[in-house]
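Any read-out appearing in this document is the output of simple, stated calculations on the displayed coordinates, not a laboratory observation. Just so you know, these numbers come straight off a predicted model, no measurement behind them. Because the Cβ atoms are built from the backbone with ideal geometry, glycine has one as well, and the counts that use them run over all protein chains shown.
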Amino acid sequence: MVKAKTRANSGPQGLSGASRRLFKRLCDEYRISDSGGRETLRSGLRSLEQAEQAESIVAVDGPLVADRFGQKRAHPMLTIARDFRAQWLAALRQLNLAVGELPKVGRPEGS
């Protein structure tokens, strides 16, 4: 029984160790305890992992690849990485977690 409790506290299965630690840290820090919030966070972290995986492929292959005609094109994994990273950020927004700096309100300075 102790093992099952420890496993449940270490984060959801199917995520890397780093993602499970981040899952636990975010759940503790922001008090995410409902199943919907935890599933949204798990899904977002899975998207983050997939974005990082696509980015690692681009790091090896380079940002440009040759198409069948020998023309240089953007690596297809760039689009995949962008889309998965957007899903991660959308999950954070759904959970009302801060992403970056808050925008300044009002008129720009010096005007």
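Check 59, 51 and return the single one that is surrounded by fewer than 17 Cβ atoms within 10 Å (Cβ to Cβ) and either of a type in the set (A, V, I, L, M) or not in a helix (DSSP H, G or I) (or both).
Numbers: 51 fails: surrounded by fewer than 17 Cβ atoms within 10 Å (Cβ to Cβ).
Just a single option satisfies the conditions, and that option is 59.
Pairs needed: first member in the range 70-84, without any contact (Cβ under 8 Å) to a residue 60 or more places away in the chain; second member anywhere, charged (D, E, K, R); C-beta distance under 7 Å; at least 6 residues apart or different chains.
73/67; 75/61; 81/55
Answer yes if at least one residue in the range 79-97 is more than 14 Å from the chain's Cα centre (by Cα) and surrounded by 10 or more Cβ atoms within 10 Å (Cβ to Cβ), and no otherwise.
Step one: of the range 79-97, the residues more than 14 Å from the chain's Cα centre (by Cα) are 79, 96.
Then drop every residue that is not surrounded by 10 or more Cβ atoms within 10 Å (Cβ to Cβ), which leaves 79.
Yes, the range 79-97 contains at least one residue that is more than 14 Å from the chain's Cα centre (by Cα) and surrounded by 10 or more Cβ atoms within 10 Å (Cβ to Cβ).
From the residues in the range 29-44 that are within 16 Å of residue 19 (Cβ to Cβ) and without any contact (Cβ under 8 Å) to a residue 12 or more places away in the chain, which one is surrounded by the most Cβ atoms within 10 Å (Cβ to Cβ)?
That would be 39.
Considering only the range 62-75, state which residues are surrounded by fewer than 16 Cβ atoms within 10 Å (Cβ to Cβ), touching a helix residue (DSSP H, G or I) at 6+ places or on another chain (Cβ under 9 Å) and not in a strand (DSSP E or B).
63
Applying the selection to the range 28-64, what residues are acidic (Asp, Glu), under 14 Å from residue 86 (Cα atoms) and more than 9 Å from the chain's Cα centre (by Cα)?
55
Could you list, in sequence order, all residues of the range 49-79 that are of a type in the set (Val, Ile, Thr) and over 30 Å from residue 13 (Cα atoms)?
Step one: list which residues in the range 49-79 are of a type in the set (Val, Ile, Thr), which gives 57-58, 60, 65, 79.
Once the filter is applied, which keeps residues that are of a type in the set (Val, Ile, Thr) and over 30 Å from residue 13 (Cα atoms), the range 49-79 yields only 65.
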